[in-house]
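Enquirer: Can you read through this structure? Questions will come right after.
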Amino acid sequence: MDRSELKIRPIIGLEIHVQLATRSKMFCSCAVEFGAEPNSNVCPVCLGMPGVLPVMNRTAVEYAIRTAIALKCRIARFTKWDRKSYYYPDLPKNYQISQYDLPLSSDGVFEVPAGDGGGYRRVRIIRAHLEEDAGKNLHDHPSITQVDLNRTGTPLLEIVTEPDLTSADEAYAFCTELQRLVTYLEVSEGSMEKGQMRFEPNVNVAIEYDRTEYRTPISEIKNLNSFRAVRSAIAYEIERQVNAWMADRDYVIGKGAKENRGWDDVRGVTEFQRGKEEAHDYRYFPDPDLVPVEVDDAWLEQIKATVGELPAARQARMQKEYGLSFADAGTILNDRASADLFESAARVGHAATLGKQFLSFWSAKANERKCTIAELGIDAGRLGVLSKITAEGMVNATAAAAIAEKMLESPDAPEAIAKKEGLVQVRDEGRMQAWVDQAFAANVKAVQDALSNPKKQKQARGFLTGQVMRISGGQADPKIVGELIGKKLAGMMQ
Ligand code: ZN
Ligand code: MN
């Protein structure tokens, strides 16, 4: 059979663990801290000593519920903790505290940009529950493995989707969009470097051949810790499964076993790890040391009030309200505080110009200082005024960037800085005409090119505009200068 005779439809679901940004662990008061001295943030509870009593971290539950509300999940009013038993060196209790039959939330939906261009993909959320993380095995030495238990007991939100995603790119979009959501909700830093988001895609393929549909067995790709790995591993797995089915038509769900696979980032392949265990292998049972959690109306309302407008909705609104492109609105709202600042500044300023300034010099200055625009510490009033005097033509775009630089050093108003620094734009045509004449006299070659060399015409005119701006000390209005240059050239051609 030929590959071109097959119609292939990937079926992809995700299981994602998000580390919640609480100060202390899920069931003890040890600090959650990245990069601390190994085994320094541990206590009898998270070390799994006998006779200790875990106590639930209320903030972790609130963060989890806040996220679940944003994912349009149904919030359980009664939820409990279960022990998931397995033996592993980085899990000293020999069980993980998780949630089994009564998860904190279920039946949600999250929409992400669809892979087939335009529109959105509705991805159903099966459940989102809370659990604790395990420790970390360190393989820094060739012959021994060391265990660091600092991470043991860190609160994780596990989110499980229905297999509604249809391509590697769509899964990638889901993961990045989820990162934006959790950072926006301030429930997680969402840092990939610190391993705060880990992904486990499950993948199989529906293959239509000769009017019959075949489905390959599902593989679960374990523990991916970057968006790029999610995309590459899924793309690889789709191809692998199609090829496996073409080689052996018995490679179908039911006959072939479910399997866990690992992603080798260096070789770019998934590898078989083991057959997948079923829930009964974990011997789930209610944790007798923890009381169930009851979520009453008052608590739920209180958490609902902290959700606010979600990034996707805000992006659409900001695009409309401020005349921004969809992508630009997305960039501005990547940081919630900066987006708030933008909206306050837009009220006193000129929104479209402010948008340009946010994306050009303000973000450049934030990058230089390795901070966000909000953290530059400039108030909304001055940001707005700078955009307004630029839009009104008091200063040009280049001068605005120079004023911005000064605004970081002094509390002066943008107008005052413009005057003090001689950056107020000159729109007196007589003065500008004199500068244009001066630039023409000093650059005969460029004038010749602009008049007679069609290949260099555009470049030569740009050069002359630059010369006029230079002569004027940046004070000329580049738009009027361009018009004056055009008129003068037209006059010379006659
Ligand atoms: Zn502890
Ligand atoms: Mn889990």
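Conditions (1) at pLDDT below 95; (2) touching a helix residue (DSSP H, G or I) at 6+ places or on another chain (Cβ under 9 Å); (3) not assigned by TED's automatic domain parsing to the domain that holds VAL18, marked per residue:
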| position | (1), (2), (3) |
| --- | --- |
| THR216 | no, yes, no |
| SER219 | no, yes, no |
| ILE238 | no, yes, no |
| ALA247 | no, no, no |
| GLY254 | yes, no, no |
| TRP263 | no, yes, no |
| ARG267 | no, no, no |
| GLU278 | yes, no, no |
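One line per residue, one yes/no per condition, for (1) polar (S, T, N, Q); (2) closer than 16 Å to LEU14 by Cα; (3) within 16 Å of ligand 2 (Cβ to nearest atom):
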position	(1), (2), (3)
ILE69	no, no, no
ARG77	no, no, no
PRO89	no, no, no
TYR95	no, no, yes
ASP107	no, yes, no
TYR120	no, no, no
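Enquirer: On to the next question. Starting from residues that are open to solvent by less than 50 Å² (accessible area, probe 1.4 Å) and more than 16 Å from ligand 1 (Cβ to nearest atom), keep the ones in segment 128-147 and report whichever is nearest to LEU178 (Cα to Cα).
Expert: ALA128
Enquirer: Can you list residue pairs whose Cβ atoms sit under 7 Å apart, with the first residue in segment 1-26 being touching a residue at least 24 places away in the same chain (Cβ under 8 Å) and open to solvent by less than 50 Å² (accessible area, probe 1.4 Å) and the second being small (Gly, Ala, Ser) and away from ligand 2 (no atom under 16 Å from the Cβ)? Count only pairs 6 or more apart in sequence or on different chains.
Expert: What qualifies is PRO10/SER167; ILE11/ALA206; ILE12/ALA171; LEU14/ALA171; SER24/ALA31.
Enquirer: Would you mention how many residues in segment 317-335 are part of a helix (DSSP H, G or I) and among the hydroxyl-bearing types (Ser, Thr, Tyr)? Explain how you work it out, then say what you get.
Expert: Filtering segment 317-335 for residues part of a helix (DSSP H, G or I) gives 317-322, 326-332.
The next check asks that each one be among the hydroxyl-bearing types (Ser, Thr, Tyr); those that pass are 322, 331.
Going through segment 317-335 one residue at a time, the tally reaches 2.
Enquirer: Inside segment 153-222, counting only strands (runs of 3 or more DSSP E) that do not spill past its ends, which hold 2 or more residues that are among the aliphatic types (A, V, I, L, M) and under 23 Å from ILE75 (Cα atoms)?
Expert: Answer list for segment 153-222: 155-161.
Enquirer: Could you count how many residues in segment 6-56 are within 30 Å of ALA206 (Cβ to Cβ) and either near ligand 1 (Cβ under 9 Å from one of its atoms) or in contact with a Pro (Cβ under 7 Å, 6 or more places away or on another chain) (or both)? If you could, list the steps in order and put the result at the bottom.
Expert: Initial filter on segment 6-56 (within 30 Å of ALA206 (Cβ to Cβ)): 6-18.
Adding the requirement that they be either near ligand 1 (Cβ under 9 Å from one of its atoms) or in contact with a Pro (Cβ under 7 Å, 6 or more places away or on another chain) (or both) leaves 11-14.
Summing the residues that are within 30 Å of ALA206 (Cβ to Cβ) and either near ligand 1 (Cβ under 9 Å from one of its atoms) or in contact with a Pro (Cβ under 7 Å, 6 or more places away or on another chain) (or both) in segment 6-56 gives 4.
Enquirer: Looking only at segment 432-475, which residues are assigned to a helix (DSSP H, G or I) and in contact with a strand residue (DSSP E or B) (Cβ under 8 Å, 6 or more places away or on another chain)?
Expert: Our first condition is that a residue be assigned to a helix (DSSP H, G or I); within segment 432-475, this holds for 432-442, 444-452, 457-471.
Matches in segment 432-475: MET432, TRP435, VAL468, MET469.
Enquirer: Give the residues of segment 1-28 that are in a loop (DSSP other than H, G, I, E, B) and closer than 18 Å to LEU91 by Cα, sorted by residue number.
Expert: At the first step, the residues of segment 1-28 found to be in a loop (DSSP other than H, G, I, E, B) are 1-2, 6, 20-23, 25-28.
LYS25, MET26, PHE27, CYS28, listed by residue number.
Enquirer: Among the residues of segment 408-425, count how many are of a type in the set (A, V, I, L, M), buried (at least 19 other Cβ atoms within 10 Å of the Cβ) and not in a loop (DSSP other than H, G, I, E, B).
Expert: Taking segment 408-425 as the starting set, the residues that turn out to be of a type in the set (A, V, I, L, M) are 408, 413, 416-418, 423-424.
Imposing the further condition that a residue be buried (at least 19 other Cβ atoms within 10 Å of the Cβ) reduces the set to 417-418, 423.
Then drop every residue that is not not in a loop (DSSP other than H, G, I, E, B), which leaves 417-418.
Counting residues in segment 408-425 that are of a type in the set (A, V, I, L, M), buried (at least 19 other Cβ atoms within 10 Å of the Cβ) and not in a loop (DSSP other than H, G, I, E, B) gives 2.
Enquirer: Check ALA21 against each of (1) farther than 30 Å from PRO163 by Cα; (2) more than 16 Å from ligand 2 (Cβ to nearest atom) and name the one condition it does not meet.
Expert: Looking at each condition in turn, ALA21 falls short on (1).
Enquirer: Select, from LYS370, LYS365, the only residue that is without any contact (Cβ under 8 Å) to a residue 12 or more places away in the chain and out of contact with any Lys or Arg (no Cβ under 9 Å at 6 or more places or on another chain).
Expert: On the way: LYS365 fails: without any contact (Cβ under 8 Å) to a residue 12 or more places away in the chain.
Checking each option against the conditions leaves just LYS370.
Enquirer: When only residues in segment 57-83 that are more than 31 Å from the chain's Cα centre (by Cα) and outside any loop (DSSP other than H, G, I, E, B) count, which is surrounded by the fewest Cβ atoms within 10 Å (Cβ to Cβ)?
Expert: The first filter runs over segment 57-83 and keeps only residues more than 31 Å from the chain's Cα centre (by Cα), leaving 78, 80, 82-83.
If we keep only those that are outside any loop (DSSP other than H, G, I, E, B) as well, we get 78, 82-83.
Working: PHE78: 9, ASP82: 23, ARG83: 20.
Looking at the filtered set, the residue picked out is PHE78.
Enquirer: What residue, among those in segment 185-216 that are surrounded by 14 or more Cβ atoms within 10 Å (Cβ to Cβ) and among the basic types (Lys, Arg), is farthest from ALA312 (Cα to Cα)?
Expert: Among those residues, the one meeting the criterion is ARG215.
So that you can scan it fast, the table gives a plain yes or no per residue for (1) assigned to a helix (DSSP H, G or I); (2) more than 22 Å from MET469 (Cβ to Cβ):
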site	(1), (2)
ALA337	yes, yes
SER344	yes, yes
PHE361	yes, no
ALA366	yes, yes
ILE389	yes, no
MET394	no, no
ALA402	yes, no
LYS406	yes, no
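Enquirer: Hey, ALA31 hits all of (1) within 16 Å of ligand 2 (Cβ to nearest atom); (2) over 20 Å from LEU181 (Cα atoms); (3) free of Cβ contacts under 8 Å to residues at least 40 places away in the same chain but one; which does it fall short on?
Expert: Of the numbered conditions (1) within 16 Å of ligand 2 (Cβ to nearest atom); (2) over 20 Å from LEU181 (Cα atoms); (3) free of Cβ contacts under 8 Å to residues at least 40 places away in the same chain, the odd one out for ALA31 is (1).
Enquirer: Pairs, please: C-beta under 8 Å, at least 6 apart or cross-chain, first residue of a type outside the set (D, E, K, R) and in segment 400-411, second open to solvent by 40 Å² or more (accessible area, probe 1.4 Å)?
Expert: ALA401/SER360; ALA402/GLU421; ILE403/GLU421
Enquirer: Could I ask something else about it? Tell me yes or no: at least one residue of segment 443-455 is of a type in the set (Val, Ile, Thr) and within 30 Å of ALA337 (Cβ to Cβ). Even if it seems obvious, please write down each step before you answer.
Expert: Quick first cut of segment 443-455, residues of a type in the set (Val, Ile, Thr) only: 444, 447.
Next cut, within 30 Å of ALA337 (Cβ to Cβ) only: none.
Scanning segment 443-455 turns up no residue that is of a type in the set (Val, Ile, Thr) and within 30 Å of ALA337 (Cβ to Cβ).
Enquirer: Only one of GLU193, GLU162 is touching a Lys or Arg at 6+ places or on another chain (Cβ under 9 Å) and assigned by TED's automatic domain parsing to the domain that holds TYR120; which?
Expert: Working: GLU193 fails: touching a Lys or Arg at 6+ places or on another chain (Cβ under 9 Å).
The conditions single out GLU162.
Enquirer: Only one of (1) within 16 Å of ligand 2 (Cβ to nearest atom); (2) open to solvent by 50 Å² or more (accessible area, probe 1.4 Å); (3) in contact with a helix residue (DSSP H, G or I) (Cβ under 8 Å, 6 or more places away or on another chain) is not met by PRO113, so which one is it?
Expert: (1)
The values are calculated or read from the model by the stated rules, or taken from the named source; none is laboratory data. Only a predicted model underlies this, so the values are computations on that prediction, with no experimental measurement involved. Every residue, glycine among them, receives a Cβ derived from its backbone with ideal geometry; neighbour counts consider all protein chains shown. These area figures cover heavy atoms from the full protein model, side chains too; ligands, DNA and RNA do not enter into them. Shrake-Rupley method; radii C 1.70, N 1.55, O 1.52, S 1.80 Å.
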